[in-house]
Amino acid sequence: MTTIFEFLFDQYKTYSTLDITLEIVAVIFGFLSVWYSKQNKIWVFPTGMISTLIFVYLLFKWELLGDMMINGYYFIMSIYGWYIWTRKVDKTHVNQISTTTFKEKKISIVIFIAALLFVFIIYQKFDKWTSWVAYIDTITTAIFFVAMWLMAKRKIENWIFWIVGDLISVPLYLYKGFTFTSFQYFGFTFIAIFGYLAWKKNLHKTLLTS
């Protein structure tokens, strides 16, 4: 048990108390954000913005550029999503859960490729191609970019991208030495699965009453 504990948390001996506290706070608000998303509640965005702002600071400090860019992008898309989710499509209704159109699928592909290129250029510029982790970071960044855009658009397919990205991130963050963040993504995976099922049920009800 001691060996497992040391493997998971020994790296925190070199971290400041402030950074450890900030990571835990960011994880808590991250969980709240994903939970509110599962519940289809607008609080997904303010809670998510708090989490992402903290992670931008921490990841910049830890020189994890790909992860930092993901969280910076989350923050921007949270503002956009907040607007989309509250925008009325008529006098009484706001945007509801829906499936992606053919045009939106094409945009998703473009976002994925653009994110890959963007991260590649950044990593190239700062000479960050030092291990296999950088290549996985590039892929997860692209996956999460698409996921966040689809969530902002209130598209049910966003959960599929979150699930895939979360599954990759669990061992990745554990390898990087950020145990609390790894635990966060482990929890995110289950919430994303239930989120997909909840949104699917909501969408089915909407189609029946329309």
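Values quoted throughout were computed directly from the atomic coordinates according to the rules given, and no laboratory measurement underlies them. Every value quoted in this text rests on a predicted model; they were computed, and no experiment measured them. Virtual Cβ from ideal backbone geometry, glycine too; neighbours counted across all protein chains shown.
Calculated from DSSP H runs of 4 or more alone, at -39500 (n - 2.57) each and per residue, what is the 222 nm mean residue ellipticity of the chain, nearest 500?
Taking each H run of at least 4 residues, the total per residue is -27000 deg cm²/dmol.
Under 5 Å between amide hydrogens, which residues at least 5 positions from Val94 or on another chain qualify, with H placed 1.01 Å from N in the peptide plane?
Close amide H contacts, sequence-distant or interchain: Val89.
Would you work out if the range 121-210 is rounded, prolate or oblate? Take a ≥ b ≥ c from the square roots of the eigenvalues of the alpha-carbon gyration tensor; rounded if a/c is under 1.5, else prolate when a/b is larger than b/c, oblate otherwise.
oblate
Just tell me which lysines come within less than 30 Å, Cα to Cα, of Lys13; anything on the same chain fewer than 8 places away is out.
Lys61, Lys128, Lys176
Percentage of Cα-Cα pair distances in the range 67-155 greater than 23 Å, rounded to whole percent?
32 percent
Quote to one decimal, in nm, the extra length available between Lys61 and Phe102 on full extension: 0.36 nm per residue of separation minus the C-alpha distance between them.
10.8 nm
For the range 190-210 and the range 58-77, write down the distance between their C-alpha centroids in whole Å.
30 Å
Could you work out how far apart the two model spin labels at Thr21 and Leu167 are, taking each label as a point 7 Å from the Cα in the direction of the beta carbon, and quote it in nm?
Placing both labels 7 Å along Cα→Cβ, they lie 3.8 nm apart.
Under 13 Å from the Cβ of Lys105, count the other residues' Cβ atoms, weight Lys and Arg +1, Asp and Glu -1, and hand me the total.
Local charge sum for Lys105: +2.
State the extension gain, in nm to one decimal, for the chain segment bounded by Asn95 and Trp43, taking 0.36 nm per residue of separation less the distance between their alpha-carbons.
Stretched out fully, the Asn95 to Trp43 stretch lengthens by 17.2 nm.
So, R0 is 30 Å and r is the distance between the beta-carbons of Leu207 and Ile76; what FRET efficiency does that work out to, to 0.05?
0.45
Using only the alpha-carbon atoms, how far is helix 44-61 inclined from the longest principal axis of the chain? Give it as 0 to 90 degrees, nearest 10.
Value to nearest ten degrees: 30.
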